[in-house]
Amino acid sequence: MFEKLCNETLLVETKAAALKEKIQTSRVLDYLVEVDRRRLWLKEGYASVYDFCIRYLGYSEGETHRRIQACRLIQKVVEVKPLLENGTLSLTSLTLLSPVLEKTNAPDLLHKVINKSSREVVDILAKEFPEKIQKKEILKIVLDEELKELLEQAKKLASEKDGAALLKKVLKGFVRQKKTRNTVTPRHTHRVQARTVREVRDRDGYQCKYVGQNGVRCNQTAHLQIDHVRPYALGGSSRDLENLRLLCRAHNLAKAQLDFPRWEKAPQITHRVDWGKGQKPWAGWSGFRTQ
Ligand SMILES: [Zn+2]
């Protein structure tokens, strides 16, 4: 197909395809914003929109990070969207801008970074925002197989995708532990005995038990909570293992909202799920009904 194209046509068509790609990327961001607004990832069995992008959409961690940052920025600063679409601002540059870009500085700052490489954007930001964009030292570590595996497990358990942030978290914990000799008592879920909590955790494999209607199991392994299938407030047992299961925080909150639809003022429900027009609250949430 391409062999027959003359050089001029090949260049013009390549340019047109690249532009189309940028418009498509911008369209994907629009879809993602709406999916997130409706919290659809939660219903389908994903622990976060981040997890949804990786497992459902097939993006890598880096691609996901850049898209989520972009989604946040296009909602905050409207000037960003046309620049993404015409290719004068890349997703990578946008990610670099995310800690500092505000509505107020957008016209000036965007003008300085359009059509610049990401390296140039880093230099501009370091100059403009020396207090926010710190010069970072690069630490090179050779990872053997065991360390690589440990790092992946730790990232999952800590729900932390950024290696440097994880290292900081681990080191802080280590230093705190060494400084204070007090042993930390694990927090137990109220009303459920510690022994029962351990049994439920072992049975559910230390992973959120929610399975979406398409058979996708939530892969969240951090911040797990004990959920009462039949709520305690409605007479559900805290001793019967069949009535207990592990849910991540996001799925446990969604379940609480389904169990108590008029419980508007429950303090822990900060983001109410948008059910969609004409949808009955429990429709499609089969994952909460099955053990
Ligand atoms: Zn979950």
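The values are calculated or read from the model by the stated rules, or taken from the named source; none is laboratory data. Given the structure is predicted, the values throughout are model-derived calculations rather than measurements. Methodologically, a virtual Cβ is constructed for each residue, glycine included, from the backbone with ideal geometry; neighbour enumeration extends over all protein chains shown.
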Fill in the blank from the handout: Over segment 188-239, the set of residues without any contact (Cβ under 8 Å) to a residue 24 or more places away in the chain and either among the hydroxyl-bearing types (Ser, Thr, Tyr) or crowded, with 16+ Cβ neighbours inside 10 Å (or both) is HIS228, SER237
Exercise for the section: Might you let me know whether segment 69-79 holds any residue that is out of contact with any Gly (no Cβ under 8 Å at 6 or more places or on another chain) and either of a type in the set (Gly, Ala, Ser) or within 16 Å of the ligand (Cβ to nearest atom) (or both)? Expected result: yes
Problem - Every residue from segment 181-218 that is modelled with pLDDT under 90 and of a type in the set (S, T, N, Q) - result: ASN182, THR183, THR185, THR189, GLN193, GLN213, ASN214
Fill in the blank from the handout: In segment 215-241, residues that are assigned to a strand (DSSP E or B) and more than 9 Å from the ligand (Cβ to nearest atom) total 4
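Here's the yes/no breakdown for (1) of a type in the set (Lys, Arg); (2) out of contact with any Gly (no Cβ under 6 Å at 6 or more places or on another chain); (3) farther than 14 Å from TYR46 by Cα:
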| position | (1), (2), (3) |
| --- | --- |
| GLY205 | no, yes, yes |
| VAL211 | no, no, no |
| GLY215 | no, yes, no |
| GLN225 | no, yes, yes |
| GLY235 | no, yes, yes |
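When you go through GLU61, GLU44 one by one, which is the residue that is away from the ligand (no atom under 16 Å from the Cβ) and within 21 Å of GLN207 (Cα to Cα)?
GLU61
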Problem - Answer residue from segment 1-47, given it is touching a helix residue (DSSP H, G or I) at 6+ places or on another chain (Cβ under 8 Å), without any contact (Cβ under 8 Å) to a residue 60 or more places away in the chain and outside any helix (DSSP H, G or I) and is surrounded by the most Cβ atoms within 10 Å (Cβ to Cβ) among those - result: LEU5
Fill in the blank from the handout: Those helices (runs of 4 or more DSSP H) completely within segment 48-162 that have 2 or more residues that are under 16 Å from the mean Cα position of the chain (by Cα) are 49-55, 61-76, 145-157
Exercise for the section: From LEU258, LEU244, LEU253, grab the single residue that is within 16 Å of the ligand (Cβ to nearest atom) and at pLDDT 90 or above. Expected result: LEU244
